[in-house]
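The next block holds one structure in the form of structure tokens; read it before the comments.
The values are calculated or read from the model by the stated rules, or taken from the named source; none is laboratory data. What you see is a predicted model, and the numbers here were worked out from it, not measured in a lab. Note that we place each Cβ from the backbone using ideal geometry, even for glycine, and neighbour counts take in every protein chain shown. Accessible surface is based on the protein model in full, side chains and every heavy atom, while ligands, DNA and RNA are left aside. Shrake-Rupley method; radii C 1.70, N 1.55, O 1.52, S 1.80 Å.
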Amino acid sequence: MSEVRLRGVSKAFGLLQAVRDVSLDIDRGELMAVLGPSGCGKTTLLRTIAGFERPDAGCVVVSGEVVAGPGRFLPPERRRIGMVFQDYALFPHLTVAGNVAFGLANRPRGEREALTRRTLELVGLQHKTERHPHELSGGERQRVALARALAPEPALVLLDEPFSSLDATLRAGLRREVELILRDAEATALLVTHDQEEALSLADRLAVMREGRIVQVGAPEEVYVRPASRWAAQFVGEVNILAGVARGTGVETELGIFDLHAPASGTVHVAVRPEQLELRADREANAEVIDREFRGHDVLYRLRHEAGRVVLVQLPSLELYEVGERVFVRPAPAAVTTLVD
């Protein structure tokens, strides 16, 4: 059942069309991510759902109630939506408990205290209720911001680039904590991010956004393995775009023959992920290693293929190939690719 429905939502600022005819459903208890490059309109979309912007067209429905549409516009405080901002937006003069209780001012005192206590336990900060934001780490401040959003028991939690201000090590750990907190709270959540790894690892489904439009919606593995376009393939992870000739369920390329997700015929282009290729040291080498990026558990190689193109190959770091080494590159066993325009 959809907790949130967007239908034909558009928003412009003067001549800039920030959001263009967006329709999207978010199911109850689902964690959805909107993924796109900076300036694509994803934050404007989030602000329109929250009620900070009025849409020029379309409607927003939350828990069956139209909160924005022709002749109707509910202010943010009446939408049952919690917001987690990029910069936390905590009140520096209030304690942790005070920040969490801020959105509960209209509740009876006993209920307000119980919700504050329960939410702080949910985010693991029940022992820091009297601390002020400046006394907390970046990760703790983010958890306070999340607790404040969850305390009023909203229908939807919106998260606007919530990890972008944190260092890489803290970001990776905190996003897993936030996911578990949202799951434990059985919250419906929409995360906006430009970070592909973040969206792929956190979301039940993700919506890929470009120039104000949603260009693909699906499970992370579907969007990654079956990108809807060349642009989507290149934005969501590393990829090789290869020309080939399709015959039924196979396509012949300069790197070899790949299986196809769906039958096709004629001249096509396919998206081949670096992990869908393999290397071997061979006297019949067809490529040369020109660069390698060691990532610990795996290595990304850049090869100069004999056909003249640069090819990306990702392999486990169990066996390393040196820059300048001649290798044979070919499709990995069972590699299945998809057509892109």
Quick check: with the 1.4 Å probe, what order do His194, His305 take by accessible area, largest first? His194, His305
D (Stokes-Einstein, µm²/s), Kirkwood Cα radius, segment 178-260, 0.890 mPa s at 25 °C: 166 µm²/s
Rounded to whole Hz, the Karplus (6.51, -1.76, 1.60) HN-Hα couplings of segment 284-294, x for glycine and proline: 8, 4, 10, 7, 10, 6, 10, 6, 9, 10, 7
Of Leu159, Leu312, Val100, which is farthest along the charge dipole of the chain in the positive direction, counting Lys and Arg as +1 and Asp and Glu as -1 at C-beta? Val100
Answer with one residue from Val270, Ala68, Met209: the one whose Cα lies farthest towards the positive end of the charge dipole of the chain, charges on Cβ with Lys, Arg +1 and Asp, Glu -1. Ala68
If you put +1 on each Lys and Arg Cβ and -1 on each Asp and Glu Cβ, how big is the dipole of segment 1-51 around its Cα centre, in Debye rounded to 20? 220 debye
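What's the local net charge at Ala168, with K and R +1, D and E -1, over the other residues with C-beta under 15 Å away?
Its environment carries a net charge of -1.
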Under a no-solvent Debye model with one identical scatterer per Cα of segment 46-149, what's log10 I(q)/I(0) at q = 0.15 Å⁻¹? -0.69
Semi-axes (Å, rounded, descending) of the ellipsoid equivalent to the chain per its C-alpha gyration tensor are 44, 25, 15
Residue (of Leu122, Ala219, Gly173) at the positive-pole extreme of the chain, dipole from beta-carbon charges: Leu122
Read phi for every residue in segment 5-10 and hand back ³J(HN,Hα) as whole Hz from Karplus 6.51 cos²θ - 1.76 cosθ + 1.60, θ = phi - 60°, with x for Gly and Pro. 10, 10, 9, x, 6, 9
Say each of Arg78 and Ser2 gets a label point 7 Å from the Cα, pointing the same way as Cα to Cβ; how far apart are those two points in nm? 2.3 nm
In segment 211-292, what trypsin sites (Lys or Arg not before Pro) fall in a loop by DSSP, with at most 11 other Cβ atoms inside 10 Å? Arg283
What number comes out for the charge environment of Arg107, summing +1 per Lys or Arg and -1 per Asp or Glu over other residues with Cβ under 12 Å away? -1
Got the relative contact order for segment 51-102 handy, in percent, Cα pairs under 8 Å and 6 or more residues apart? 25 percent
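Please report the net charge: other residues with Cβ closer than 15 Å to the Cβ of Val340, K and R +1, D and E -1.
+1
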